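The values are calculated or read from the model by the stated rules, or taken from the named source; none is laboratory data. Since this is a predicted model, take the numbers as computed values, not measurements. Don't worry about glycine lacking a Cβ; one is built from the backbone with ideal geometry, like all the others, and counts go over all protein chains shown. All accessible areas refer to the heavy atoms of the entire protein, side chains included, with ligands and DNA or RNA removed. Shrake-Rupley method; radii C 1.70, N 1.55, O 1.52, S 1.80 Å.
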Amino acid sequence: MWIKQAASRAATLCIVGGIFGASGYAYAEYPEKPVTLVVPFVAGGPSDKIARDVAESLRKSLGTTVVVENTAGAGGTIGTARVARANPDGYTLLIHHIGLATAPALYKKLGYKTSDLEFLGLINEAPSTLIGKPDLPPNGLPELRKFITENGGKLNLANAGVGSASHLCGLLLQGALKSNMTFVPYKGTAPAMSDIMGGQVDLMCEQATNSTPQIEARKVKAYGVTGAQRSMVPALASIPTLSEGGLSGFNFTVWHGLYAPHATPVAVLEKINKALRVALKDTALVKREEALGITVVADDRLSPAGHKKFFNDEVTRWSKVIKDAGIQPE
Ligand code: ASP
């Protein structure tokens with residue numbers, strides 16, 4: 001009896017294996033349990049906000065609960081290492097930003113290699129905003145430039161740790177103004193934003209995702225936005241680009257992408273990518289993001305190959321910028 005059952009199971013395996021491929025067979029039913037989406041920064045910041053928004057839409061398109069886990073610290077590298085070492089079964093994913101492309105040039109030693117991750121698609125792009133505490137004396141970018149040049153050493157600049165987007169932007173600002181400020185690291189920009197609003201910290205570069213509501217409510221002062229053009233969002237439209245203000249090197253947006261541990265079966269990667277594409281077409285999600293000044297990716301970078309190509313170009317671009325600026329890895 002047992003032999004008969006085993007023989008029939010083996011036959012089924014052969015047939016199904018032929019359809020899905022050897023590794024695909026075991027994952028034909030994916031997902032069968034909740035998926036953990038790791039955010040490498042604390043809750044309440046831009047990466048967390050994007051993750052929770054996308055997780056909600058992915059829940060519908062993937063057909064399972066997507067649990068957001070905040071594994072913060074060291075500019076996002078701790079959470080990244082956690083996913084790089086996770087079981088490659090599609091149940092532990094990472095959402096991370098531009099920092100994944102800059103960290104290799106900013107760290108002497110990382111707890112992971114980029115090749116430990118599979119690319120699943122680029123999600124969004126947002127400008128970063130240069131903001132200050134409400135009672136910071138300068139009004140507008142020309143006054144701020146003068147103020148930093150005169151008071152650089154006395155000013156502090158919040159960031160989410162070495163390798164974070166706010167850290168990169170802070171490095172660029174110091175370089176552009178040839179003025180060193182004191183960097184104050186946090187495990188994400190959510191607590192840094194509270195300290196800016198409370199007046200404990202002077203300045204920060206923060207993604208529109210998190211700063212647009214605070215700028216609109218005048219809880220922080222806004223001095224400039226990154227990117228080639230001004231944002232069209234009403235709360236940001238009057239803020240000049242940093243390039244308009246004569247600061248070079250700020251023509252960038254902060255993007256987020258989705259990743260899985262290396263060696264996740266192709267069939268699973270394909271399912272997640274398909275679900276991501278559906279999730280990012282969710283009009284409610286797109287509208288929510290657009291209201292904050294975020295663009296949801298709808299081009300070829302949404303494919304794993306397009307994401308990987310864009311990522312590699314970003315690594316090349318930022319490694320050069322970081323090296324040319326004489327920034328030493330830590
Ligand atoms: N926006 C942060 C950064 O500067 C990270 C975060 O909390 O999302 O990279």
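Assuming R0 = 30 Å, can you tell me the calculated FRET efficiency for the pair GLN229 and ASP299, based on Cβ-Cβ distance, to the nearest 0.05? Here the calculated transfer efficiency is 0.95. Cross-link partners of LYS309 among lysines, defined as those whose alpha carbon lies under 28 angstrom from its own and excluding same-chain residues fewer than eight positions apart: LYS49, LYS108, LYS109, LYS113, LYS271, LYS274, LYS281, LYS287, LYS320, LYS323.
The simple spin-label model puts a point 7 Å past each Cα toward its Cβ; for GLU330 and HIS262 those points are separated by 2.6 nm. Its convex hull of Cα atoms gives region 206-330 a direction-averaged projected area, equal to a quarter of the hull surface, of 10.1 nm². Ignoring ligands, DNA and RNA, what percent of the accessible area of region 255-330 is carbon or sulfur (1.4 Å)? Here carbon and sulfur together make up 59 percent of the probe-accessible area. Accessible surface of region 17-147, 1.4 Å probe: 52 percent of it comes from carbon and sulfur atoms. For the chain, the mean residue ellipticity at 222 nm estimated from helices alone is -13000 deg cm²/dmol, where every DSSP H run of n ≥ 4 contributes -39500 (n - 2.57) and the total is divided by all residues, rounded to the nearest 500. Between ARG277 and GLU290, the contour length at 0.36 nm per residue exceeds the Cα-Cα span by 3.0 nm. For region 250-330, the dipole from Cβ point charges (+1 on Lys and Arg, -1 on Asp and Glu) about the Cα centre works out to 200 debye, to the nearest 20. With a simple spin-label model that places each label point 7 Å from the Cα along the Cα-to-Cβ direction, the separation between GLU270 and ARG52 comes to 3.5 nm. Across all Cα pairs in region 220-288, the calculated P(r) in 5 Å bins from zero up to the longest distance comes to 3, 13, 15, 14, 13, 12, 12, 10, 7, 2 percent per bin. Over all pairs of different C-alpha atoms, the chain has a mean inverse distance whose reciprocal, the Kirkwood radius, equals 20.7 Å. Solvent exposure of the chain, expressed per residue, is 44 Å² of accessible area, with all protein chains present and a 1.4 angstrom probe. Straightening the chain between THR65 and ARG218 buys 51.4 nm, computed as 0.36 nm per residue apart minus the Cα-Cα spacing.
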